[in-house]
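Right, one structure below, let's go through it.
The values are calculated or read from the model by the stated rules, or taken from the named source; none is laboratory data. Being a predicted model, the structure only gives us computed values, none of them experimental. The area values use the complete protein model at the heavy-atom level, side chains included, leaving out ligands, DNA and RNA. Shrake-Rupley method; radii C 1.70, N 1.55, O 1.52, S 1.80 Å.
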Amino acid sequence: MADEFGRITRKDRFEKKRTNTKAITWLSIVGGVLVIVIISLIVFGGGDQDAPVANDDEDNNDTEEIQGEDPDEHTLAEDQDELGVEEGELEVEESETEEEEEEQNNESVQLNEVESDDENVSYAYEGNWEPIGTEQEEPHTTTFEKETVDWQEMMKAVEVATSIPTDEQVTWWFGRAGDQRVEATVSPRSNQSETYRVTMQWVEEQGWQPLLVEELIESKHNDNSNDNEDETD
């Protein structure tokens, strides 16, 4: 405080200095707090901003992977391929099993040569063949119409008795040989000079059963011409 003469006393200078010191101190504190707040915003606020960018990149990568290849579709395709292979193997196994069963059945058949009164027969034999089975219902009616079930089953009986596959048979003649009995004259397509006459009978609910096979020396139905093929009576 100035004295009456306008001079500044030591006490006034001290008070002024202390006031200035307090002001500087408070300003320093406020400035420090502001600096800390700014630094915090930069550090923590900047980290929050970077995080979504990183997530966006990850999402884009995931999207590209999904667009590039669908794991489910890949797995499905592999499963379908494996299933196709398994089905093919199963069909082969079933075919082999059927062939083995046919071979076993053929091996179990006992063939016996028999005499024939027909001078046109060079060789004749009988066998203990079983009826081949049937899809037909009783009462059975014999029919010689091609492509019918009865016709196909008769050809199957011929195959069982002669070992000539149905698709390799040249059918010269089919005719009745008595009540529920049929005779078929056939040749193998690969050697039509060989002619066989097969006698078979119908067994109720079991199908056609071969009875007798005769190898013919000559056949009136076979003139080595396909014009007489598949004659029926």
(message) Can you list residues from other chains, or at least 5 along the same chain, whose modelled amide H is less than 5 Å from the amide H of V114?
(response) A124, Y125, E126
(request) Step through the residues of segment 191-206 one at a time and calculate ³J(HN,Hα) from phi using the Karplus curve (6.51 cos²θ - 1.76 cosθ + 1.60, θ = phi - 60°), rounding each to whole Hz and writing x for Gly and Pro. (result) 8, 7, 7, 8, 10, 10, 10, 10, 9, 9, 10, 8, 9, 3, 6, 10
(request) Over segment 104-195, give the accessible area per residue in Å² for a 1.4 Å probe, as an integer. (result) 59
(request) For L212, list long-range residues whose amide hydrogen, built 1.01 Å from N in the peptide plane, is under 5 Å from its own amide hydrogen. (result) T199
(message) Through the Karplus equation 6.51 cos²θ - 1.76 cosθ + 1.60, θ set to phi - 60°, convert the phi angles of segment 121-132 into ³J(HN,Hα) values in whole Hz; use x for Gly and Pro.
(response) 9, 8, 7, 9, 8, 10, x, 8, 5, 8, x, 7
(request) Subtracting the Cα-Cα distance from 0.36 nm times the residue separation, let me have the gained length for E215 to V114 in nm, one decimal. (result) 35.2 nm
